[in-house]
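Taken together, the values in this text are just the output of simple stated rules run on the coordinates, not laboratory data. In this text the structure is predicted, and so the values were computed from the model without any measurement. For neighbour counting, all protein chains shown are included, and Cβ atoms are generated from backbone atoms with ideal geometry for every residue, glycine included.
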Amino acid sequence: MTTVGTAAADSGGGHGAPGQGDPYFPLSGNGGYTVRHYDLDLGYEPATKKLTGDATVTARAGQALAAFDLDLSGLTVNRVRVDGRTAHWTRHGQELVVTPPHALRKGATFRVDVAYSGVPQYVTDPDGSADGWITTDDGAFVAGEPQGAMSWFPSDNNPLDKASYSFRVTVPAGYTAVCNGVLDAQHTRGGKTTFQWRQDQPMASYLATATVGRFDVQRYTTASGIPVYNAVDPREAAGAAPALAKIPEILDWETKLFGPYPFSAAGAIVDDAHDVGYALETQTRPIYDRAPDVSTVVHETAHQWFGDSVSLTSWKDIWLNEGFATYAEWLWQEQHGGDTAQATFDHYDGLPATDSLWDFPSADPGNGANIFASPVYTRGAMALQELRDAVGDKDFFAILKAWAREHRYGNGTTGQFVALSEHLSGKHLGTLFHTWLYTAGKPATS
Ligand code: ARG
Ligand code: ZN
């Protein structure tokens, strides 16, 4: 294993740290640089499951660098260049360690070009779920939360380092490759189709996708001017149609609640990949492992504000994503003839203290195996209902909008959310948040 690097010790520069120090995923992300842009040129053959990739990463050195890491797991690296010159590289677990021919100056913008190939292997997370490049019977379901991006491209695999992306994905004719953002071009030549996608707004690596399959494609622009691109596995099309038809309405409704939609495209990828067991809020275009219901589309769409545009800073703060997206589902029900959010809260509040909902406090899951459990989702949403109850609707909805606005395209922490809530409402909310977010066991209510 590489050792944790420090700032440059001499003019030759130091070695950027192999991780960003997230307590749950210490090796995800790297130190010493930040990425501006990923340009991914990929080819995929569903028949052989072979991926060929050429990743050009444009980054800025935050310190003088003699060497730095990218996160990449599996696959074979064929060549690495830095600023067009062959670089030395080695691999240690998920770290691709690059030594440029000359040390990089602090503040320098540099370009790393990694050519690689192989059959991607998905990452198994601490909770046992698979993420990353997950093959299907007609291609691949590509969803990287929290760690899976490294199974298909080299990156600074941590949500603190967001960047713009461009993708060029070549697949056999008849297959569709769906990525984030807008489709710039698509052309078929010699039995192969290349799809060119572009995601201009900053994106965390875990939200990138390059899903491949035989899809029906629907394209249109919403009345509010957002281009929608849906790719739907025909086997899920009938089941998905009712929820997908609501995408424009959901976007408009959430825009009213949360403020301007942060991205320049929207849509959905509906795959037939039931073994995956989850959907993911891949930026601009959530991916579903089966036909979603309306509530799930509301949830993944809400993540575009909470999770994608405003990203977490540390994985222990995952309730800032999941509690908010779950609360959006409760609000949708409340405003569309279903239970009020308070009634939903009351339902969960009726669960006994032994229920797994109370296994740990929302903002302190303890380890990476717990980040997608009900204390994050449901108890996180309950914390928001408690906040709403304490500050009233006017301030509550102002807080949600301000959170989306103040951290747009950036990152946030639980502490910042608490401070914003207190600031906007003028109330002391320390006890409320301490109880709901940080105290073990079922909170006493009523
Ligand atoms: N963020 C996703 C959602 O709530 C869940 C992702 C689960 N990922 C995993 N590796 N288990 O919609
Ligand atoms: Zn979610």
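Just a few scattered comments:
- All lysines inside 23 Å of LYS192 as judged from Cα atoms, apart from same-chain residues fewer than 8 positions distant: LYS49, LYS50
- Ordering of 88-96, 197-205 by packing [mean C-beta count within 10 Å, highest first]: 197-205, 88-96
- By DSSP, the beta bridges lying fully in the chain are antiparallel in about 80 percent of cases.
- Candidates SER314, PRO100, ALA343 compared by Cα position along the dipole of the chain: farthest toward the positive end lies PRO100, with charges placed on Cβ.
- For the range 354-391 versus the range 204-223, the gap between their alpha-carbon centres in whole angstrom: 30
- Long-range amide H partners of ASN78 with built H, under 5 Å: ALA115, TYR116, SER117
- Angle of helix 247-258 to the longest C-alpha principal axis of the chain, folded into 0 to 90 degrees and rounded to 10: 70°.
- Cα gyration tensor shape of the chain, rounded if a/c is under 1.5, else prolate or oblate by comparing a/b with b/c: oblate
- For the chain, the residue among ALA140, ALA291, VAL169 whose Cα projects farthest onto the positive side of the dipole built from Cβ charges is VAL169.
- Positive-pole candidate from PRO23, VAL80, ALA47, dipole of the range 1-134, charges at beta carbon: VAL80
- Once backbone amide H atoms are built at 1.01 Å from N, ALA268 has TYR229, ASN230, ALA231 as its partners under 5 Å, excluding neighbours fewer than 5 places away on the same chain.
- 27 Å Cα-Cα reach of LYS106 towards lysines, excluding residues that sit fewer than 8 places from it in its own chain: LYS162
- Dipole magnitude (debye, nearest 20) for the chain, charges at Cβ of Lys, Arg, Asp, Glu: 1640
- Among 244-255, 355-366, 307-318, the order from most to least packed when residues are scored by Cβ within 10 Å on average: 307-318, 355-366, 244-255
- The HN-Hα couplings worked out from phi for the range 374-388 by the Karplus form 6.51 cos²θ - 1.76 cosθ + 1.60 (θ = phi - 60°) are 4, x, 7, 6, 6, 5, x, 5, 5, 4, 5, 5, 5, 4, 4 Hz, whole numbers, x standing for Gly and Pro.
- HN-Hα J in Hz across the range 165-178 - Karplus 6.51, -1.76, 1.60, θ = phi - 60°, x for Gly and Pro: 9, 10, 10, 10, 10, 10, 9, x, 3, x, 9, 10, 10, 10
- Only helices enter the 222 nm calculation for the chain: every DSSP H run of n ≥ 4 contributes -39,500 (n - 2.57), and dividing by all residues gives -7500 deg cm²/dmol, rounded to 500.
- Applying the Karplus relation 6.51 cos²θ - 1.76 cosθ + 1.60 with θ = phi - 60° to the range 66-73 yields 3J(HN,Hα) values of 7, 7, 8, 10, 10, 8, 8, 10 Hz, where x marks Gly and Pro.
- Taking Cα centre as origin and charging only the Cβ of basic (Lys, Arg, +1) and acidic (Asp, Glu, -1) residues, the dipole magnitude of the range 235-324 rounds to 160 debye.
- Percent antiparallel among DSSP beta bridges (both partners in the range 210-365, rounded to 5): 45
- The stretch between THR413 and ALA245 holds 57.1 nm of extra length on full extension. This uses 0.36 nm per residue minus the Cα-Cα distance.
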